[in-house]
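Student: Let me give you the structure first, and then I'll get to my questions.
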Amino acid sequence: MTRPDKDYKSELLRRLKDPKLAAAYINAALEHGTQEELLVALKNVCEAHGMARTARKAKINRENMYRVLSAKGNPHLSTFTSIIESTGLKLRVQAG
């Protein structure tokens with residue numbers, strides 16, 4: 001029997017392959033979460049796309065990706081933007 005948290009994680013990663021769902025997930029973390037929650041959300045999106053592939057596209061060492069996307073991570077804006085764009089998403093600001 002599989003653990004419920006493993007089923008949840010695999011289903012979450014499957015769904016986060018959809019760019020619209022991934023964008024909504026990241027936006028929800030931006031609007032309602034902490035910095036740590038945002039980084040975990042971005043890490044989940046990267047895992048859905050393949051961490052090694054995403055790191056390669058972002059031109060970041062895979063080990064560094066895990067470090068900056070940890071709950072204690074504090075990536076530079078350029079690193080954050082590069083990671084976002086490597087998943088096929090874009091970072092933008094809009095008026096409230």
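Student: Just tell me which lysines come within less than 18 Å, Cα to Cα, of residue 72; anything on the same chain fewer than 8 places away is out.
Tutor: Output for residue 72: 43.
Student: At 222 nm, what value in deg cm²/dmol follows for the chain if DSSP H runs of at least 4 each add -39500 (n - 2.57) and the sum is divided by all its residues, to the nearest 500? Walk me through the intermediate numbers first.
Tutor: Details: 6 runs with 66 residues, N = 96.
Calculated at 222 nm, the ellipticity per residue is -21000 deg cm²/dmol.
Student: Taking the dipole about the Cα centre of the chain, with the C-beta of Lys and Arg at +1 and of Asp and Glu at -1, give me whichever of 39, 91, 64 is farthest to the positive side.
Tutor: It is 64.
Student: So between residue 6 and residue 93, what do we pick up on full extension, going 0.36 nm a residue minus the alpha carbon distance?
Tutor: Values: separation 87, 0.36 × 87 = 31.32 nm, distance 3.42 nm.
Length gained between residue 6 and residue 93: 27.9 nm.
Student: Taking the Cα centre of region 27-76 as origin, work out the dipole magnitude from +1 charges on Lys and Arg Cβ and -1 charges on Asp and Glu Cβ, in debye rounded to 20.
Tutor: Details: 8 positive and 5 negative charges, 82 e Å.
With Lys and Arg at +1 and Asp and Glu at -1, about 400 debye.
Student: Rounded to a whole number of µm²/s, how large is the Stokes-Einstein D of the chain at 10 °C and 1.306 mPa s, given Rh as the Kirkwood radius over C-alpha pairs?
Tutor: Numbers: Rh = 13.6 Å.
D, rounded to a whole number, is 117 µm²/s.
Coordinate-derived values only; no laboratory data. In this text, all values refer to a predicted model and were calculated from it rather than measured experimentally. Ideal geometry is used to build each Cβ from the backbone, glycine not excepted, and the neighbour counts take in all protein chains shown.
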